[in-house]
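A short write-up of the structure that comes next.
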């Protein structure tokens, strides 16, 4: 797992963000992080955390957690067994059971994405992720600096780790979930079913899978309410 400080300025407030699969910091580079320390995790080829996250969070007055897409599962897995007092914990367009026909992405679709993944299908995936032509064009302009092979290897590693885990709700750090009705990656109905089973309240929005196009500041991910 990769960790990147987006901002480390000695603020009293920390946002920990678990990014989606295949991502890096580039799609979020335009966001202002002033007066907020932001630590991003990404690339879940393995779930080893190269920092003492528990000790780190104790240095802050307030800690927030947000996770997007497959980062929702990664956050729950990586933070399992750690005692961290988060003020806000929000799951965005993802579930704790990402390879699951009822509560995530159908296993055959997940496998098909791995099998077909290359530079061409990646472009198609990003279009499905953003939905509109305007948002897709904006994402292309700041797409991750990751090659297709590394993304494919990461997705295969995630699949293997997910299928080895049991039970699915052994750790759930999230207090709320945000679901986009235009999500063409994680079906909204599957997300709603998953969070209902976990007893987690949901905010349903009209957003696509990548719902961050209109954001200007990292603080907007705290109590995220994108429509």
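The values are calculated or read from the model by the stated rules, or taken from the named source; none is laboratory data. The shown structure was predicted, so the numbers you read here are calculated from the model rather than taken from an experiment. Counting neighbours? That spans all protein chains shown, and the Cβs are built from the backbone with ideal geometry, glycine included.
Assorted remarks:
- Restricting 177, 206 to residues that are more than 16 Å from the chain's Cα centre (by Cα) and either farther than 21 Å from residue 41 by Cβ or not in a loop (DSSP other than H, G, I, E, B) (or both) narrows the list to 206.
For every residue, the table says whether it meets (1) in contact with a strand residue (DSSP E or B) (Cβ under 7 Å, 6 or more places away or on another chain); (2) more than 16 Å from residue 159 (Cα to Cα); (3) not in a strand (DSSP E or B).
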{"position": "73", "(1), (2), (3)": "no, no, yes"}
{"position": "80", "(1), (2), (3)": "no, yes, yes"}
{"position": "86", "(1), (2), (3)": "yes, yes, yes"}
{"position": "89", "(1), (2), (3)": "yes, yes, no"}
{"position": "95", "(1), (2), (3)": "no, no, yes"}
{"position": "101", "(1), (2), (3)": "no, no, yes"}
{"position": "134", "(1), (2), (3)": "no, yes, yes"}
{"position": "138", "(1), (2), (3)": "no, yes, yes"}
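- So residue 57, is it in contact with a helix residue (DSSP H, G or I) (Cβ under 9 Å, 6 or more places away or on another chain) and crowded, with 18+ Cβ neighbours inside 10 Å: no
- Options 201, 211, 144: the member that is in contact with a strand residue (DSSP E or B) (Cβ under 6 Å, 6 or more places away or on another chain) and surrounded by 15 or more Cβ atoms within 10 Å (Cβ to Cβ): 211
- Residue 96 fulfils the conditions (1) under 13 Å from residue 177 (Cα atoms); (2) more than 12 Å from the chain's Cα centre (by Cα) except for a single criterion, (2).
- Residue 126 falls short on exactly one of the conditions (1) at pLDDT 95 or above; (2) in a helix (DSSP H, G or I); (3) more than 17 Å from the chain's Cα centre (by Cα), and that condition is (3).
- When the stretch 162-173 is filtered for residues that are in a helix (DSSP H, G or I) and either out of contact with any helix residue (DSSP H, G or I) (no Cβ under 7 Å at 6 or more places or on another chain) or modelled with pLDDT of 95 or more (or both), the ones remaining, listed by number, are 163, 164.
- Enumeration of residues in the stretch 20-57 that are assigned to a loop (DSSP other than H, G, I, E, B), over 19 Å from residue 212 (Cβ atoms) and at pLDDT below 95: 35, 46, 47, 48, 49, 50, 51, 52
- Only a single criterion out of (1) surrounded by fewer than 17 Cβ atoms within 10 Å (Cβ to Cβ); (2) within 27 Å of residue 203 (Cα to Cα); (3) at pLDDT 95 or above; (4) out of contact with any strand residue (DSSP E or B) (no Cβ under 7 Å at 6 or more places or on another chain) is not satisfied by residue 111, namely (2).
- Members of the stretch 153-181 that are surrounded by fewer than 17 Cβ atoms within 10 Å (Cβ to Cβ), touching a strand residue (DSSP E or B) at 6+ places or on another chain (Cβ under 9 Å) and more than 21 Å from residue 80 (Cβ to Cβ): 181
- Selection within the stretch 8-19 - crowded, with 17+ Cβ neighbours inside 10 Å, modelled with pLDDT of 95 or more and out of contact with any helix residue (DSSP H, G or I) (no Cβ under 7 Å at 6 or more places or on another chain): 16
- In the set (1) in a strand (DSSP E or B); (2) touching a helix residue (DSSP H, G or I) at 6+ places or on another chain (Cβ under 8 Å), the condition left unmet by residue 3 is number (2).
- Tabulated pairs, the stretch 111-133, first closer than 22 Å to residue 188 by Cα, second surrounded by fewer than 12 Cβ atoms within 10 Å (Cβ to Cβ), C-beta under 9 angstrom, 6+ apart or interchain: 127/133; 130/137
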